[in-house]
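One structure is given here, and the rest of the page talks about it.
We did not get these values from a lab; they are worked out from the coordinates using the rules stated. Predicted model only: the values in this text are computed from it and were never measured. Reconstructed Cβ throughout: ideal geometry from the backbone, glycine too, with neighbour counts over all protein chains shown.
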């Protein structure tokens with residue numbers, strides 16, 4: 001048995017949580033999606049689920065400050081974390097975001113990994129560094145999607161991936177973090193570039209041991 005894109009097509013919205021008391025039961029397995037507010041996070045989720053509006057693509061990045069949970073089946077979920085890095089946010093909003101993230105990451109035993117979406121045309125931002133370092137400090141695997149890869153030529157995209165690999169390695173070395181928990185790929189929601197690789201990573205996180213043995 002293997003999970004595949006047909007299963008992710010079943011994803012449906014459960015609830016939006018503004019605090020830990022609203023999180024769904026901490027059972028089974030879930031994968032979270034994180035990234036800057038304009039990095040293409042919602043588009044990536046929609047592409048993986050093969051749905052146009054599973055995750056809303058906001059015209060006002062950073063406006064949604066809640067964690068959205070999507071049920072794939074009775075024991076698996078995809079989780080859309082609120083975007084970060086929006087410049088005009090008030091200090092109170094940023095403080096609320098920090099608490100919400102801390103409550104989520106500290107509480108969820110079912111969280112198996114984080115998909116970090118980063119615009120391939122941008123360098124690793126401060127928000128990305130903070131999220132990456134925080135996940136690795138908790139020994140959480142991080143899979144980086146270099147989104148909007150269709151905006152660059154093949155050669156430029158490969159170079160951008162190499163630059164990201166070097167940046168991640170430097171960050172992990174500087175802070176003594178486990179870089180082996182990080183994987184990186186090219187991705188395009190428009191062209192569906194890297195879709196199979198992204199879903200394969202989700203499969204790896206969301207399959208339990210018995211299913212993994214059956215899939216060999």
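Data for the structure
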| item | result |
| --- | --- |
| Simple spin-label estimate for residue 180 and residue 109 in nanometres, 7 Å along Cα-Cβ | 2.6 |
| 134, 84 arranged by Cβ crowding within 10 Å, fewest neighbours leading | 134, 84 |
| Computed [θ] at 222 nm, helices only, for the chain once each DSSP H run of length n ≥ 4 contributes -39500 (n - 2.57) | -12000 deg cm²/dmol |
| Calculated FRET efficiency for the pair residue 196/residue 139, C-beta based, R₀ 25 Å, to 0.05 | 0.40 |
| Segment residue 158-residue 130, length gained on full extension (0.36 nm per residue, minus Cα span) | 7.6 nm |
| Average Cα contact separation per residue, the stretch 5-215, under 8 Å, 6 or more apart, as relative contact order % | 23 |
| Ascending count of other beta-carbon atoms within 10 Å, so fewest first, for 33, 23, 187 | 23, 33, 187 |
| Choice from 203, 25, 128 with maximal GNM fluctuation in the chain (Cα, 10 Å cutoff) | 25 |
| Distance cut-off 16 Å, percentage of C-alpha pairs in the stretch 121-216 lying past it | 60 |
| Residue with peak Gaussian network fluctuation, the chain [Cα springs, cutoff 10 Å], from 117, 184, 14 | 14 |
| Sorted by Cβ neighbour density within 10 Å, fewest at the top, the residues 197, 71 | 197, 71 |
| Size descriptor, Kirkwood hydrodynamic radius, that averages inverse alpha-carbon separations across the stretch 5-215, Å | 17.3 |
| Net lengthening on full extension, residue 99/residue 27 (0.36 nm per residue, minus Cα-Cα) | 23.7 nm |
